[in-house]
Structures are given as structure tokens and as C-alpha cells.
1. Looking at (1) modelled with pLDDT of 95 or more; (2) over 20 Å from the mean Cα position of the chain (by Cα); (3) farther than 19 Å from A251 by Cβ, can you tell me which one G185 breaks?
2. Which one is nearest to P195 (Cα to Cα), of the residues in the range 235-285 that are in a loop (DSSP other than H, G, I, E, B) and free of Cβ contacts under 8 Å to residues at least 24 places away in the same chain?
3. Could you check the range 157-201 and list, in sequence order, the residues that are more than 19 Å from E103 (Cα to Cα), touching a Leu at 6+ places or on another chain (Cβ under 7 Å) and assigned to a helix (DSSP H, G or I)?
4. Regarding P194, is this residue within 23 Å of A240 (Cα to Cα) and of a type outside the set (D, E)?
5. Quick one: how many residues across the range 7-39 are among the small types (G, A, S) and modelled with pLDDT under 95?
6. Tally the residues that are in contact (Cβ under 8 Å) with a residue 40 or more places away in the chain and of a type in the set (G, A, S), restricting the search to the range 26-50.
7. With the condition being acidic (D, E) and at negative phi, I'd like the helices (runs of 4 or more DSSP H) fully within the range 1-78 carrying at least 3 qualifying residues.
8. Which residues, taken from the range 79-90, are assigned to a loop (DSSP other than H, G, I, E, B) and aromatic (F, W, Y)?
Amino acid sequence: MRLSAGTSRAEALKLLVERFRRSELDDPGREARLTVCAAANLPPAALIAAPEAPLGGAAERLEEFAMRRVSGEPLSKIVGRREFWGLALSISPDVLDPRPETETIVEAAIALFAERRQDRLRVLDLGVGSGALLCALLHEFVNARGLGVDISAAAAEVARRNAAACGLAGRADIHVGTWADGVVGPFDLIVSNPPYVRTSEIESLSPEIRNFDPRLALDGGIDGLDAYRVILPAGARLVAPDGWLIIEAGAGQAGDVLAIAAKAGFLERSTRRDLAGVERVVVAGTPRSAPGRRNLEGDNRHERVIASE
């Protein structure tokens, strides 16, 4: 049965739950509610307050959204929006869909720079993508300036739009380039969420990721570590004496990333766990970065400190 202008919200919700269940989507009830609200531009409460209200002009859009969702396309890519760190961001097929675990980088930065929140920090985001990390950090560090670099011109344009939409265009510069090539430091904070999926494992990813995130943002090479071998040595050159590099790692990769950080010359290294308990983030600095040291000794549930060699 197709949706029509006369279909009520409650009927539409019931139909979508059944469609999504047949398509084996996780939590079809939640997926149906989110899809109806997105297509009809409704707050969730409207489904409860006025369930018998007809879809009206939203019916055709909802039919399209439902078909695309059944095909595996994430709702965030369908609507072109994703919330990250409380910021409403635009996304497109040219950028990685920012995910909650990446917010661990922002949490780590806030902890490390707790006493420097008002400083005029310089922030570098390598592989800026949608600009999610850079926008979140500039939102938190109100006097900071940031540089985002991405090899994709299309991704860089998305990042520029998001910085402008968040009121950060005056403090965010977005460049097209290959990692840190041509970048001049120093930077107080360097962040990155690089591609880290092994090439051989990309086809085994969920369709939502495999088919709708850009391969450029996923493929980390044969062992998934290619980007780290570039970013960490470059970061060691660009980070300020009292600065930090914070980088996301895939599940099970933290040990390898720590080893690459050590080889690059970072003498102080640690990890942070995401909400699922995965060692998701590697933090790297040097003994000269003394002002932030006591922050590393805070919450041992989220960190593993590697002694200086």
C-alpha cells in the first residue's frame, strides 16, 4: 500500500514499521518514527498529540524517504543533516557521516585544555570532512582559530558551509590538500578522524557505511594504518610545545597507533574509551606539554597512559 495525502500519521507509522521490519532494519519502530518526522517536518510529540492528522503534502516525500531507507541509505544522508556535539550539520555523499563515537575526541580536548578554554588556541583538523570536529571544537574554544584540510574539494565545500551555518566562518579556514602538505605550524591542538578500515574489510561493512560513505574516508590501506603513518609524523612536526594531537582509531587499533606515535617521537601517549568501552582515541604529546599533564591522570576508566621511553 502506498502512502497518500489522506493517510494519517498513525497509519503511515504502522505501514513504515511493517516495511522496515521486512527489510530487517534495526529497531523498525524508531526508524519509522524518525522517518515520518523527517519527511513531514514534525517534532516527535506531534505523532502522539495528533496521530489522526493526514500527511497531506508530505505523503510523496515520505514515500520517497521510506524507499531510500529500505535500500539501506541512512536517514541522515536522505535528509542531508546530522547532529554532532549539539550542532546541526549538513552532510552529503561526499563526506563521512559523523558518528557519536567521534565526539570522544571533543571530550578529550576539553579535558586536556580545561584551563585554557579562553586561550587563542590554534586548531588543525586533518581530513576535515563535514567539518564536524572543527566546528565542535571552535564552538567549545570560543577564542580559537582553526584550519581544516581535506583532499576532497567537495568535502571542503561542505565544511565551509557548516562553519558558516554555525557562525564560525570568521575563525575557520578550510583548505584542499593532502594531509599536512604545505601546512605551517605550530598548532596547540591537532585532531583527525582518518580512514582506518582495512581495504579487504570494506565490502563486509554494513550497507549504510559501505554504500553511502565515501570510500576515500574509509579505506585505510592493507592494514588500515596508512593515514596514521603520515599524520603522526606530520603532527609531531606541527604540534606546539604544550600542545596535543588527538586522533580516532578503529576498534582494536589503538595499540598499533600508539606504536606509530612513539616512532614519530611522541613521548607521552594515552588512549580514551568511547561510550561502548572501545579504545577509540589516541592522545599524543611530549614532556614539554606540562600544563595539561594533570588532566591525563583524571579518569582512568577512559585512559591508558603509556610511560615515556
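The values are calculated or read from the model by the stated rules, or taken from the named source; none is laboratory data. In this text, all values refer to a predicted model and were calculated from it rather than measured experimentally. Here Cβ is always computed from backbone atoms with ideal geometry, including for glycine, and neighbour counts include all displayed protein chains.
1. (1)
2. Narrowing the range 235-285 to residues in a loop (DSSP other than H, G, I, E, B): 249-253, 265-267, 274-278.
From what is left, the residues that are free of Cβ contacts under 8 Å to residues at least 24 places away in the same chain are 252, 277.
Working: G252: 14, G277: 21 Å.
The qualifying residue nearest to P195 (Cα to Cα) is G252.
3. Correct list: R171 only.
4. Numbers: within 23 Å of A240 (Cα to Cα): yes; of a type outside the set (D, E): yes.
Answer is yes for this residue.
5. Residues of the range 7-39 that are among the small types (G, A, S), as a first pass: 8, 10, 12, 23, 29, 32, 38-39.
This time we only want the ones that are modelled with pLDDT under 95, so: 23.
So the count comes out to 1.
6. If we filter the range 26-50 for residues that are in contact (Cβ under 8 Å) with a residue 40 or more places away in the chain, which is where we start, we get 31, 34-35, 38, 50.
So of that shortlist, the ones also of a type in the set (G, A, S) come out as 38, 50.
Going through the range 26-50 one residue at a time, the tally reaches 2.
7. Values: elements: 9-22, 28-40, 45-49, 58-70.
Result: 58-70.
8. Filtering the range 79-90 down to residues assigned to a loop (DSSP other than H, G, I, E, B) leaves 80, 85-86.
Scanning the range 79-90 gives a single hit, W85.
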